[in-house]
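Read the structure below first, then the notes.
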Amino acid sequence: MRIRISLLTILAVLTALIAFASCGGHGRAQRALDTSTNPAASGASNTFALEQASEGGKLTATLNAQGFFDLYQVAGELGYDHGALELESVSQGAFLGAPPDVIFFQRGGEGRIPFAITRRNISAGSTGAGVILQAHFRIKATLPEKAVWIGEKLLARDSLRHAIDASVVGGAK
């Protein structure tokens with residue numbers, strides 16, 4: 001019995017391998033991060049901060065990363081008081097990069113915004129501070145003290161897929 005491999009089959013396999021590699025597949029070479037030459041690495045605070053600003057019947061909640069070294073992925077959930085707020089839009093920040101270098105997923109549900117953001121190229125993560133995401137709301141009723149909060153399970157990883165222990169400021173319910 002002869003096995004015949006078509007050109008289409010070969011192209012499909014190559015496309016799958018390229019997609020796997022571009023998303024940081026497990027087969028990639030692991031590299032050590034040199035923290036000795038990076039002052040941010042020794043003093044990294046690894047903090048997420050949730051800021052809220054309201055004006056003209058609108059509220060914007062901004063999730064910021066502060067003091068990170070090699071932040072590559074963030075996943076979690078924002079919660080909000082759906083009785084007082086109506087979700088209008090969610091947008092990714094620029095800290096981890098911009099499309100097509102970053103993959104951003106988010107889903108909206110009543111009172112919940114699960115999200116995941118990851119770099120897709122094989123490189124070091126982001127260092128320093130910047131915006132992870134913004135959620136924009138229309139104010140429907142009197143705002144409670146905590147109108148928007150960060151869910152309990154906020155996951156952060158570095159470019160080698162190691163968990164980063166991070167604290168959360170201004171975001172707990």
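Please treat every number below as a calculation from the coordinates, not as lab data. Small disclaimer: the values here were computed from a predicted structure and weren't measured. Methodologically, a virtual Cβ is constructed for each residue, glycine included, from the backbone with ideal geometry; neighbour enumeration extends over all protein chains shown.
When you count, for each residue, the other Cβ atoms within 10 Å and take the mean per peptide, how do 71-82, 147-158 rank with the highest first?
71-82, 147-158
Taking a Cβ cut-off of under 13 Å around ALA135, the surrounding Lys, Arg, Asp and Glu residues balance to a net charge of -1, with basic ones at +1 and acidic ones at -1. When the Cα positions of GLY93, SER126, LEU143 are compared along the charge dipole of region 77-146, SER126 comes out farthest toward the positive end, with charges on each C-beta of Lys, Arg, Asp and Glu.
Net charge in the neighbourhood of LEU87 (other residues with Cβ under 15 Å of its Cβ; Lys, Arg +1, Asp, Glu -1) is 0. Cross-link partners of LYS153 among aspartates and glutamates, defined as those whose alpha carbon lies under 15 angstrom from its own and excluding same-chain residues fewer than eight positions apart: GLU77, ASP165. Within straight-line reach of LYS58, meaning a Cα separation under 15 Å, sit the following aspartates and glutamates at least 8 residues removed in sequence or on another chain: ASP81, GLU86, GLU88. Think of each Lys and Arg Cβ as +1 and each Asp and Glu Cβ as -1; about the Cα centre, that makes the dipole of region 70-122 roughly 260 debye.
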